[in-house]
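A.B. asks: If you scroll down you'll find the structure; I have some questions about it.
The values are calculated or read from the model by the stated rules, or taken from the named source; none is laboratory data. In this text, all values refer to a predicted model and were calculated from it rather than measured experimentally. Glycine also receives a Cβ, built like all others from the backbone with ideal geometry; neighbour counts cover every protein chain displayed.
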Amino acid sequence: MSDYLIQQIVNGLTLGSLYALVAVGFSLIYGVIRLVNFAHGDLMMIGAFLTLGLVAGGYAPWAAIPILVMLGGFAAGGAIERLAFRSIRDAPMITGFIVTLSVSVALQNLGLLILGGQPRNFLFPEIFRSRVALGPAEVALIDIVIPAVALGLALALALFIKKTRLGIAMRALSENMLAAQLMGISANRAVLAAFGLGGALAALAGLFWGGKFGQIDPLMGLVPGLKAFVATIIGGVGSIMGAVVGGYLLGFAEVAFVGFTPPAWSGYRDGFVFVLMILILLVRPQGLFGREEEERA
Amino acid sequence: MLRLEEVTVVRGSTRVLDRVSFTVAKGEIAALVGANGAGKTTTLMTLSGLLRPRSGRAFLDLPGNPLEIGRSAPDALVAAGLVHCPEGRQIFAKLTIEENLRLGAYLKRDRVAVGRLMEEVFTLFPILGERFKQSAGGLSGGEQMMLAIGRALMAEPKVLLLDEPSLGLAPMMTERIFDTLVALNRERGVTQLIVEQNAMMALEIAHNGHVMAGGRVVESGGGRELLEKSSVLEAYLGVAT
C-alpha cells in the first residue's frame, strides 16, 4: 500500500470518527423524543472554545481537559434541553424543528458576539502532532487517538443503551412515551440524560476538530453538524450503530472525493456529501440501519 | 383507597370529566363501565397522574399517608403503589419480555426482590418465562395482555387500574384474564379499578360498579345490583335485556 493511500485511509477514519461522535448524539436525541436537534452541531463549537479557554488559561492539566470538556458539553446539552426544548416537547414536530434551528442560530451569534468572527489558532499539546510510523507511512498521533477514542465511546454508548437501567428506560421512552411514564420512568430525567450524553460527545468532537484542523471559530459547528445529521440519516435515524457507520461512510466518501478527483473539484466536497445522501435515500428511504417506522404524532 | 371528589378534566375546550366522584375501598374490585367516550379512560389517565384535573381532587389513601393525585408526578404514584395497565396493552414490542418486566419494576432498586417478583409472574403466566429472551412484539394478543398484567404486577401494586383488559381477546382468553384478576384480588388483596366495554363481565366480578355517560358518573351500586337493573344496562351500556 502506498504512503498516499494509507494517509487517505487515516484521514477518512479521523473525519468519520468526528462525524460519528456528533451523529450518535443526533440519533440518541431523535430516538428518545423524535426531535431533530439542529443545535447539536453547535455543541462542537462550545466544546472547542471550552478547550481553548481551559488551555489558554492554564486552568487544568492536559489529561483532565477532555473530561472537563465532556462534562461541560453534558451541562450545555442538558441546559439547552431544559431551557429551550422541554416546554415544547409535546408540540408538533415542526415546532421542535424551528426551535432547534433558532437555538442553533442564537448559539452561533452569541459566539460571534462574545468571541468575534476571527478564526483562532487552537492550542494543542505538541505530543499529538508527533509522527507515528504506520507501515510505510507516517501519521500524526492525533489521527490514531481520534478513531480509538471515538470507537470506544460509541461502543460504550451502545452498551449503555443496551444494558443499563437508564438505557433501557430510554429505549422504552423511544417506543412508547406514555407507557414508559406509567412504569414510573421520569421522562424529564431520561430526556435530559440523552441531551447531556449527546452534548458530551459533541463537545469532545469539538476538541478533536480543533486538534485535527488547527483553527476554530463560532460558526465551526454548522457544516460538520449538518454533515453529522446527514450521517445519521444515511445510517438510519434513531440507530446508534447506524449513526456510527453513517459517520464513517461519510468521512471516507468525503476524503476519497477530495483525494482521488482532480484538485479543482475539492471545493464541491460538501455538495458531494449531500448528493450521496440523496442517492442512498433514493434506494433506502429509511437509511441503512433504520427500521421502517410510522411517524409518531 | 381511591377517592375522587368532583374531579373535572378539560381537554381543549371539552369538559371530558364533569365533577366525577366515587371511591374504591381497600381490597375492592370496582368496575367503571359506560359507552365509548363516556370518560372512563380519561378517569384512569387522571388517576395515574398523566392528566391534571381542572378542579376537584383525587386521593390515593394509604394508611397515614393520603397522596393527592393531581399534585403528584406519575412516577411518585407508581412508587406509592398505584399502577396503571393501559388500554391496548402498550407493551414495548421492540424490547424483550424480560426487559418489559424489568421496566415494570423500574423504581425498585433491589435486584433480588425484582428477581423474586419476576419468578412470581412466571408462575402466574408460564409462557412468559419460557420466552423471556424473545421480543415482546412476537407474542399473541392474549400473551401480550398477560405481559401487560405481569409488567404491572412487577411494581407490586396496591391499587391496579386496568383499562379494557378484554380488548381484542378471544372469549377463553378473556375468561382466563378475569380469573387471574379475581385471584389477585382474593389472594393478594390487590384493589382494582377495571374499565370495561364488556360491562356484563366486569360487573360480574366487581364488588361495586360505576356507570359513566358524558363525562359523569350517572349510576353507582353493587356489581350484581347494577347487572340486575335493566334500565341501566339498556340506557347506558347498549345491552338488550
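A.B. asks: Out of region B:41-72, which residues are surrounded by fewer than 20 Cβ atoms within 10 Å (Cβ to Cβ) and under 12 Å from residue B:159 (Cβ atoms)?
C.D. replies: B:59, B:61, B:62, B:67
A.B. asks: Of everything in region A:128-187, what is of a type in the set (Phe, Trp, Tyr) and either over 18 Å from residue A:213 (Cα atoms) or in contact with a His (Cβ under 8 Å, 6 or more places away or on another chain) (or both)? Give them in sequence order. Walk me through how you get there before you give the answer.
C.D. replies: Let us first name the residues in region A:128-187 that are of a type in the set (Phe, Trp, Tyr), namely A:128, A:160.
Within region A:128-187, A:160 is the sole residue that qualifies.
Residue-by-condition table, conditions (1) among the acidic types (Asp, Glu); (2) on the phi > 0 side of the Ramachandran plot; (3) facing another protein chain (nearest Cβ under 10 Å):
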residue: B:85; (1), (2), (3): no, no, yes
residue: B:88; (1), (2), (3): no, yes, yes
residue: B:101; (1), (2), (3): no, no, no
residue: B:108; (1), (2), (3): no, no, yes
residue: B:121; (1), (2), (3): no, no, no
residue: B:128; (1), (2), (3): no, no, no
residue: B:138; (1), (2), (3): no, no, no
residue: B:156; (1), (2), (3): yes, yes, no
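A.B. asks: Moving on. Would you be able to say whether some residue in region A:220-234 is closer than 18 Å to residue A:76 by Cα and within 14 Å of another protein chain (Cβ to nearest Cβ)? First the steps, then the outcome.
C.D. replies: Kept after step one, since they are closer than 18 Å to residue A:76 by Cα, are these residues of region A:220-234: A:220-222, A:225.
Then drop every residue that is not within 14 Å of another protein chain (Cβ to nearest Cβ), which leaves none.
Looking through region A:220-234, none of the residues is closer than 18 Å to residue A:76 by Cα and within 14 Å of another protein chain (Cβ to nearest Cβ).
A.B. asks: Would you say residue A:231 is of a type in the set (A, V, I, L, M) and crowded, with 22+ Cβ neighbours inside 10 Å?
C.D. replies: Details: of a type in the set (A, V, I, L, M): yes; crowded, with 22+ Cβ neighbours inside 10 Å: yes.
When the stated conditions are applied, residue A:231 passes them.
A.B. asks: What are the residues in region A:1-38 that are small (Gly, Ala, Ser) and buried (at least 24 other Cβ atoms within 10 Å of the Cβ), if any? Steps first, please.
C.D. replies: Taking region A:1-38 and keeping what is small (Gly, Ala, Ser), we get A:2, A:12, A:16-17, A:20, A:23, A:25, A:27, A:31.
Once the filter is applied, which keeps residues that are small (Gly, Ala, Ser) and buried (at least 24 other Cβ atoms within 10 Å of the Cβ), region A:1-38 yields A:16, A:17, A:20, A:23, A:25, A:27.
A.B. asks: Moving on to the next point. Would you check if there is a residue in region A:40-48 being outside any helix (DSSP H, G or I), in contact (Cβ under 8 Å) with a residue 12 or more places away in the chain and crowded, with 18+ Cβ neighbours inside 10 Å? Walk me through how you get there before you give the answer.
C.D. replies: From region A:40-48, those outside any helix (DSSP H, G or I) are A:40-41; that's our starting set.
The next check asks that each one be in contact (Cβ under 8 Å) with a residue 12 or more places away in the chain; those that pass are A:40-41.
After this cut, where a residue has to be crowded, with 18+ Cβ neighbours inside 10 Å as well, the list is A:40-41.
Yes - at least one qualifying residue is present in region A:40-48.
A.B. asks: Does residue A:114 fit the bill of being at pLDDT below 95, out of contact with any Asp or Glu (no Cβ under 6 Å at 6 or more places or on another chain), farther than 29 Å from residue A:234 by Cβ and of a type in the set (Val, Ile, Thr)?
C.D. replies: Working: at pLDDT below 95: yes; out of contact with any Asp or Glu (no Cβ under 6 Å at 6 or more places or on another chain): yes; farther than 29 Å from residue A:234 by Cβ: yes; of a type in the set (Val, Ile, Thr): yes.
Yes.
A.B. asks: Select from region B:72-110 the residues that are in a loop (DSSP other than H, G, I, E, B) and more than 21 Å from residue B:181 (Cα to Cα) and list them in ascending order.
C.D. replies: If we filter region B:72-110 for residues that are in a loop (DSSP other than H, G, I, E, B), which is where we start, we get B:72-73, B:81, B:86-95, B:105-110.
Within region B:72-110, B:72, B:73, B:92, B:93, B:94, B:95, B:106, B:107, B:108, B:109, B:110 qualify.
A.B. asks: Further question on the same structure: Could you list, ordered by first residue, the pairs with Cβ atoms under 9 Å in which the first is in region B:160-184 and over 26 Å from residue B:77 (Cα atoms) and the second is basic (Lys, Arg), at least 6 apart or interchain?
C.D. replies: B:168/B:89; B:169/B:176
A.B. asks: I need the helices (runs of 4 or more DSSP H) fully contained in region A:78-194, keeping only those with at least 1 residues that are more than 29 Å from residue B:151 (Cβ to Cβ). If you could, list the steps in order and put the result at the bottom.
C.D. replies: Details: elements: A:93-115, A:141-163, A:165-175, A:177-182.
Where helices (runs of 4 or more DSSP H) fall fully within region A:78-194 and carry at least 1 residues being more than 29 Å from residue B:151 (Cβ to Cβ), they are A:93-115, A:141-163.
A.B. asks: A further question on this structure: Does region A:254-261 contain any residue that is in contact (Cβ under 8 Å) with a residue 24 or more places away in the chain and either buried (at least 19 other Cβ atoms within 10 Å of the Cβ) or assigned to a loop (DSSP other than H, G, I, E, B) (or both)?
C.D. replies: Yes, region A:254-261 contains at least one residue that is in contact (Cβ under 8 Å) with a residue 24 or more places away in the chain and either buried (at least 19 other Cβ atoms within 10 Å of the Cβ) or assigned to a loop (DSSP other than H, G, I, E, B) (or both).
A.B. asks: Would you call residue B:83 in contact with a Gly (Cβ under 7 Å, 6 or more places away or on another chain) and crowded, with 18+ Cβ neighbours inside 10 Å? If you could, list the steps in order and put the result at the bottom.
C.D. replies: Values: in contact with a Gly (Cβ under 7 Å, 6 or more places away or on another chain): no; crowded, with 18+ Cβ neighbours inside 10 Å: yes.
The answer is no for residue B:83.
A.B. asks: Okay, moving on. Test each condition in (1) touching a residue at least 40 places away in the same chain (Cβ under 8 Å); (2) within 14 Å of chain B (Cβ to nearest Cβ); (3) surrounded by fewer than 14 Cβ atoms within 10 Å (Cβ to Cβ) for residue A:170 and report the one that comes out false.
C.D. replies: For residue A:170, the exception is condition (3).
A.B. asks: Could you say which residue among B:167, B:128, B:101, B:139 is closer than 21 Å to residue A:181 by Cα and either surrounded by fewer than 23 Cβ atoms within 10 Å (Cβ to Cβ) or of a type in the set (A, V, I, L, M) (or both)? Full working, then the answer.
C.D. replies: On the way: B:167 fails: closer than 21 Å to residue A:181 by Cα; B:128 fails: closer than 21 Å to residue A:181 by Cα; B:139 fails: closer than 21 Å to residue A:181 by Cα.
That would be B:101, the only listed residue that is closer than 21 Å to residue A:181 by Cα and either surrounded by fewer than 23 Cβ atoms within 10 Å (Cβ to Cβ) or of a type in the set (A, V, I, L, M) (or both).
A.B. asks: Right, here's the next one. Could you list, in sequence order, the residues of region A:173-184 that are of a type in the set (S, T, N, Q) and facing chain B (nearest Cβ under 7 Å)?
C.D. replies: Let us first name the residues in region A:173-184 that are of a type in the set (S, T, N, Q), namely A:174, A:176, A:181.
Result: A:176, A:181.
A.B. asks: Just give me the residues in region A:19-54 being touching a Leu at 6+ places or on another chain (Cβ under 7 Å), of a type in the set (Phe, Trp, Tyr) and within 20 Å of residue A:286 (Cβ to Cβ), in sequence order.
C.D. replies: A:19
A.B. asks: Please go through region B:111-146 and pick out each residue that is over 23 Å from the mean Cα position of the chain (by Cα) and outside any helix (DSSP H, G or I).
C.D. replies: Of everything in region B:111-146, those that are over 23 Å from the mean Cα position of the chain (by Cα) and outside any helix (DSSP H, G or I) turn out to be B:131, B:132, B:133, B:134, B:135.
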